[in-house]
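**Q** What follows is a structure written as structure tokens; I'll ask about it next.
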Amino acid sequence: MPVDPTAATTRSRLLDAAERLLTAVPYDDLSVRAVCGEAGANPAAVHYHFGSKESLVAALLQDRLEPEWSDQLDTLQAGPRTVTDIVEAILDPLIALQAAPETAPLVRTLAQFVLTHPRAPWDSRWFQLDVWTELLTATVPGLDPDVARRRWRFAFGLMMTEFAAPREISPDNVAALSDFLIAGLAGLPKGIR
């Protein structure tokens, strides 16, 4: 079935409008009516194209941020890797995006959104916990998938807490965060604990 070009254009306008509005207001203050008004769309357009405000913002974040790290993560998934490689593949692009004035608001929105919507409707594979769980269990020999999932929940919670703040993370804090994530995701052997 061919895609309706008007629908695709409306969807793009809604994403652009939401992005512009989120530079000025936090997610909780974003209104569907304001997004539709900013996009010059019917008041029901967000619900038609996305189903909800939560799904609109999830689609926006995936659309804008996933291209920044998906190629690197695809390469990581395909080959040998360490936990350090995984952490760097996540942190490095987020830090670069946070440092750029045009993308910093999206990183903050992502962080705030993930912290307040842990069960958000992500469609993109790199935004889904199961993909990260599989990557970690394939990297750390003998790691139980349930343990890996819990480690990722803590890791993402910690990362998003740091990126939700309205300031850039200092280089010292980036180094500490990276070290902490690597240690936590890899885990210590029981004899060392």
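The values are calculated or read from the model by the stated rules, or taken from the named source; none is laboratory data. Here the structure is a predicted model, which means the values were calculated and not measured. Here Cβ is always computed from backbone atoms with ideal geometry, including for glycine, and neighbour counts include all displayed protein chains.
**Q** Every residue in region 140-151 that is in contact with a Ser or Thr (Cβ under 6 Å, 6 or more places away or on another chain) and either assigned to a helix (DSSP H, G or I) or without any contact (Cβ under 8 Å) to a residue 24 or more places away in the chain (or both), please.
**A** Answer for region 140-151, where residues must be in contact with a Ser or Thr (Cβ under 6 Å, 6 or more places away or on another chain) and either assigned to a helix (DSSP H, G or I) or without any contact (Cβ under 8 Å) to a residue 24 or more places away in the chain (or both): Pro145, Ala148, Arg149.
**Q** Just one of Ala78, Ala96, Ala34, Ala58 is modelled with pLDDT under 90 and among the aliphatic types (A, V, I, L, M); which is it?
**A** Exactly one of Ala78, Ala96, Ala34, Ala58 is modelled with pLDDT under 90 and among the aliphatic types (A, V, I, L, M), namely Ala78.
**Q** Here's another thing I want to ask about it. Going by what's in this entry, would Thr137 be described as in a helix (DSSP H, G or I), free of Cβ contacts under 8 Å to residues at least 12 places away in the same chain and surrounded by 15 or more Cβ atoms within 10 Å (Cβ to Cβ)?
**A** On the way: in a helix (DSSP H, G or I): yes; free of Cβ contacts under 8 Å to residues at least 12 places away in the same chain: yes; surrounded by 15 or more Cβ atoms within 10 Å (Cβ to Cβ): yes.
In short, yes.
**Q** Would you confirm whether any residue within region 129-149 is assigned by TED's automatic domain parsing to the domain that holds Gln72 and under 30 Å from Leu21 (Cα atoms)?
**A** Checked against the condition, which is being assigned by TED's automatic domain parsing to the domain that holds Gln72 and under 30 Å from Leu21 (Cα atoms), region 129-149 yields at least one hit.
**Q** Among the residues of region 154-177, are any basic (Lys, Arg), more than 30 Å from Gly51 (Cα to Cα), in the same structural domain as Leu106 (by TED's automatic domain parsing) and surrounded by 15 or more Cβ atoms within 10 Å (Cβ to Cβ)?
**A** Initially, region 154-177 is screened for residues basic (Lys, Arg), giving 167.
Checking which are more than 30 Å from Gly51 (Cα to Cα) leaves us with 167.
Next, only the ones that are in the same structural domain as Leu106 (by TED's automatic domain parsing) stay: 167.
So of that shortlist, the ones also surrounded by 15 or more Cβ atoms within 10 Å (Cβ to Cβ) come out as none.
Scanning region 154-177, I find no residue that is basic (Lys, Arg), more than 30 Å from Gly51 (Cα to Cα), in the same structural domain as Leu106 (by TED's automatic domain parsing) and surrounded by 15 or more Cβ atoms within 10 Å (Cβ to Cβ), so the answer is no.
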